[in-house]
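Colleague: My questions all concern the structure below.
Bear in mind that the values in this text are calculations on the coordinates, not laboratory data. What you see is a predicted model; the values in this text were computed from it and never measured. Cβ placement follows ideal geometry from the backbone for every residue including glycine, while neighbour counts extend to all protein chains displayed.
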Amino acid sequence: MNCHEVEKLLSAYLDRALPERQRVRVAEHLAACGACRKVYESLTVLLRHMKDLEQIDPPADFLEAVNARLEREGALKRTMRRLFLPLRIKLPLEMAAVAVLFVMMFYLAGTRDGRPLREIVTGMDKREIPESRMAPPAGAGADKAETRDAAVAPDALEHKRGGSAPAGEPSPGKEKTAGGRPAEVAPELDRVDKKADRGEKKGKMEVLVAEDRAVSPPAGEPTGIIHEEKVSSPRVEGEKPESVSGSSGEISPNEEERKRLLKESRGEVWEEADLPLGEGSEPAREIELEMEIKSPIFPDKRGKSSNETFRALRGGEKTALAEEEPAGGRVEKIIEMLQGRIIEKRYLPATGQLSEVVFAIPAARFDELRRELERIAGFPRPFPVIDGNSGEELKVRLKLNYPPPDLPPR
Amino acid sequence: MEESITAGNDIERRSKLHARGFLEGDRQAFNRLILLHQRMVFSLCSRLMGDYDDANDCAQEVFIKVHRYLKGFRFESSFRTWLYRIAVNTCKNRLNSLEYRMRKKKLRIDPPPSAEENPFARELRDRGDSPLNGLRRKEIGRIIQEALNNLAPPQRMVVVLRDIEGRSYEEIVALTGLKPGTVKSKLSRARLALREALQGKIDHELS
């Protein structure tokens, strides 16, 4: 056994942990080798010193420190427990939440139609369901611009232009039916005609039509409900729906049906304005305006233009958002301020933004209207010259075009 | 020897009494448990961690764990062994943690703190009650701790448990999770390294 081997075994030798044979051989080597004996002795001293080392006292505030930490951890634990409830409580809660969600989903989407919640909440007259609502909109998230374009089908435009002629006068050239028709025709009847005209909803719809006729007040009396845009479209009162659809000349029933289905599939949503028709007179002229909304919101009280708002938003000025209101809401306010009567409103199904509003307004206020609208958007187009002194009432169809949804940043 | 066993039994009995009291809702019982064992736990943590602040943090954590897991303690087994195991594990985890190793690496690059600046060294020096050789013993304690700090953590752990704490080979195997052969070889190497490091410092006593 050499010194190197002995040095390795010394530790175990000191602990009396060596097998007897090895212990004896190490002892013999130590007796003979002075260098190894020196290592052995110094190790013995080292072990004695280490054994004699005293325990170290903790700092005086050790107890308080532990208690403070326990307090902190306890608070954390309580918070965590509050956030993460035990499963036996959490699971039923989650299940209940899911059930509620389902009920709401079916209530909103499945039961009757796909109208925005707001309409249901405002408690509108539910006696009649326009035909376009019989089926829920399929493409609710369809492109906005497309939806807006689809809102005015070509035939509807024709009717409108025809209707912009003075009251009682049959509009020239654009007649689809034989002979003119008094402008005082009750809106419902007209709508009924329209429905029948579209025609082929068949069975159920025909029954509904018949009922409508039965309960509708006499023609000419304001009823407060205007459903469709063709209030002033020339049509002979009382004409049979079949004959109307038959006599609609260049547009076949199939074509109508196809357009209707197309509209439905794009998820158009119409809302009836529950407002009285005032004196019951029909506005004399119908004017179409279209405007590009620069920003879907408008800071009301600061009186900034939407351009300014947009710039402020882009520049990170948070306060610009403080007094905002939707551009659509602003438009409605302007109309009301100028003593206009809103007849119809139309919303984009995807965003709920006002996309079109039809309203009557005294011709004398038209210039004011245009100036107010210019504060929200660019110039309304086109730019008709209105004789403010004529005293007549104008029917204005205002379309609002919004910027693409990713602008401005919100 | 007889006396120390009696003292040990007394501590064990009181520990279990306080532990039961705590489990029955007596908040003060836990404080008494801390006071009863804080010196042993803090001392062990100090030797293993080699740094006063680390030791303090670890020792606090040990009692936090006791507070948390006392519900699971089986009263048939020894409370002190249970506590000791928690303390060793806490230090072991801390020594193995990446954060600790990174910090030590950084310290190695920095110049070693002088005895005056190091609060741990000061603590070691301030201790000691025997006026005759108190100074000498404190000095030796500081020198030994410095030598211990230069050992690799597993070696330090084995030699502290064996030579300072007086644990048996079997206990060290159980506490560290090392194999018996590994414990023996690490212990041998650690002792020789310590002797090497202390040569010339407490030389006249070692020789």
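Colleague: List the GluC sites (Glu not before Pro) within segment B:17-101 that DSSP assigns to loop and that have no more than 16 neighbouring Cβ atoms inside 10 Å.
Modeller: Details: sites: B:24, B:61, B:76, B:99; in loops: B:24, B:76.
Here the GluC sites (Glu not before Pro) that fit, given the DSSP loop and packing criteria, are B:24, B:76.
Colleague: Pop the C-beta distance of residue B:35 and residue A:351 into the FRET formula with R0 = 60 Å and round what comes out to the nearest 0.05.
Modeller: Working: r = 68 Å, r/R0 = 1.13.
It comes to 0.30.
Colleague: What full-extension length gain, to one decimal in nm, is calculated for residue A:1 and residue A:97 as 0.36 nm per residue of separation minus the Cα-Cα distance?
Modeller: Numbers: separation 96, 0.36 × 96 = 34.56 nm, distance 8.08 nm.
That pair, residue A:1 and residue A:97, stretches by 26.5 nm at full extension.
Colleague: Report the FRET efficiency, 1/(1 + (r/R0)^6), for residue A:23 and residue B:17, where r is their Cβ-Cβ distance and R0 is 51 Å, rounded to 0.05. Don't skip to the answer; put the middle values down first.
Modeller: Working: r = 45 Å, r/R0 = 0.87.
After rounding, the FRET efficiency stands at 0.70.
Colleague: Give me the number: length gained by fully extending residue B:73 to residue B:174, i.e. 0.36 nm times residue separation minus the C-alpha to C-alpha distance, one decimal in nm. Don't skip to the end; give the middle numbers.
Modeller: Values: separation 101, 0.36 × 101 = 36.36 nm, distance 1.79 nm.
So the chain would gain 34.6 nm between residue B:73 and residue B:174.
Colleague: I'd like the FRET efficiency for residue B:150 and residue A:87, computed as 1/(1 + (r/R0)^6) with the beta carbon distance as r and R0 of 51 Å, rounded to 0.05. Before the final figure, lay out the partial values.
Modeller: Numbers: r = 51 Å, r/R0 = 1.00.
FRET efficiency, residue B:150 to residue A:87: 0.50.
Colleague: Place a +1 charge on the Cβ of each Lys and Arg in segment A:3-52 and a -1 charge on the Cβ of each Asp and Glu, then give the dipole magnitude about the Cα centre in debye, rounded to the nearest 20. Before the final figure, lay out the partial values.
Modeller: Numbers: 9 positive and 7 negative charges, 11 e Å.
In debye, rounded to 20, segment A:3-52 gives about 60.
Colleague: Can you give the extra length, in nm with one decimal, that the chain gains between residue A:8 and residue A:387 once fully stretched, where that is 0.36 nm per residue apart less the Cα-Cα distance? The partial results should precede the final answer.
Modeller: Values: separation 379, 0.36 × 379 = 136.44 nm, distance 11.68 nm.
That pair, residue A:8 and residue A:387, stretches by 124.8 nm at full extension.
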